[in-house]
Structures are given as structure tokens and as C-alpha cells.
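Below is one structure, written out as C-alpha cells; comments come after it.
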Amino acid sequence: MLTKIVGGESAGTATWGWTVSISIADRYLCGGSILSSSWIITAAHCVKDAIASEITIYAGSNFRWVGSESRVVLNVHIHPNYSSVGYVNDIALLRLTSPLTMNDPNLSTICLNFVNSTVLMTEEWPPANTTVVAVGWGTLNGIGSSPTNLQQVSLEIIDRRASTCNNLLHDWQVQLCAGVPNGNKGGPFMMFTSNKQWVLVGITSNGIGCGQAEYSGVYTRVAAYEYWINSTINVDDISNNNNNM
């Protein structure tokens, strides 16, 4: 499993306020991102076999085991077509038992930037050579224990036809390559747009090579999941509201 943030540096306080750490039964597992006060997005392989009530997220801190806020998960939604073979559709949504307090200055939400479906079917988005940032608590040099402090690293999107990438992607329309295998699994993979906002373009999914430059990391292409994300949240919200009536 991918647990590396190779070549990274410590992140500044509250720089990536949407990043959360996810633990199961008090054991650090993955990273994730805050979509709203009640919703976290992460990788499916992180939580596929987990019991919701045993999952805790920590938000509002760069420290892996500490958060200005913590919440237990109420519902786990794995993409229905997730496959552990090739990590296709490696995406999941977590509904929290109670909303995060978003007026906490250390917390923020990450934006989603969905694109035209025609673009997704015919070309890569973001395009090759786009600079992106991955953050997480993965190891700094490909070996050893993970750091306590949140790490950040800049990478570039790699063309799907490149020799370091073309054998890794099982479905290029929902997966993308970038840099070396890095970042903590489930964590955010972000791009700064011309609108001067950070958007979530990927979720750290899989990789090989222990941080060696000749290998790439595989990320879930978030833009491909607009319908699933919106419909999953809407259906769960309706169900949750009905249960509280």
C-alpha cells in the first residue's frame, strides 16, 4: 500500500485545512479531504472492510494523531464499481456522526472542479505537465516510519502514454499518473486554478517503486465522479433527515 510522501517538506499551520487523518480502532490508516461539514472524501481501499463506528477522523491539525476536532463516521459509501484489481474507482465518501465546526480557523473545505464529460472521454484532465500538490503523512524517503507532521510535495501530471505510466493505468478516464509514488493513501491531490482556489483533482490511490524516480503514482481522477458524489450525498442526506424526523 502507498504510504510515502517522498521528497516532501513540512506543511505550514492551517495551509491545508481540509486535510484529515483517518484512523480505525486507534490505528492511523489514511488521509482524506473535507468536502463539507458532514462529508469526507478518501480512497475506497482505505475503508472498504471497515465498520463505520470504528472509523475516526481528525481535523484541524497538522499532527497525525491530534485534531482540533474529531468525529466518528456514521456511514461509509464505497463506489459500487470499485475494484482492488488496478484500484479502479478507488473513491469513497464518509458521512460523519455530527458536523464539523467550520468556523474553526484551522478547518476549511476543498473545492471540486468538475469538467465537461466530453473532455473526460477524449482527453486527460488536468493535462500533462500541470503542477499539482500532494499532502499527507507518508514517509519522506521511501523507507522508515511516517512523520508525525503533515508533509507537502509538488509534482507534475504525467501523460498517460509515458513509459512510466502506461502500464499502471487500468482506466485512464478515471485514473491519472503523477510524479513518483508519494503522499498518503486517500489524501488530497490538488491544483491551484486561475480563479485562485485550490481544487481536488485526485485522491492518492496506488503506486510501485518505493519512491524511485522511474516510477509513477496512480491517483483517482475526481472529476470523473461528479454524478456519483452528488447523488450519494443527496440520497444519504434525505435518508438521514427522514431518520431524524
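Taken together, the values in this text are just the output of simple stated rules run on the coordinates, not laboratory data. These figures come from a predicted structure and were not determined experimentally. All Cβ positions, glycine included, derive from the backbone under ideal geometry; neighbour counts span all protein chains shown.
Data table
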item: Any hit, region 126-144, residues being among the hydroxyl-bearing types (Ser, Thr, Tyr) and without any contact (Cβ under 8 Å) to a residue 40 or more places away in the chain; result: no
item: Count of region 68-101 residues which are in a strand (DSSP E or B), out of contact with any Gly (no Cβ under 6 Å at 6 or more places or on another chain) and closer than 22 Å to residue 137 by Cβ; result: 9
item: Subset of region 37-67 (residues that are more than 23 Å from residue 103 (Cα to Cα) and part of a loop (DSSP other than H, G, I, E, B)); result: 43, 48, 49, 50, 51
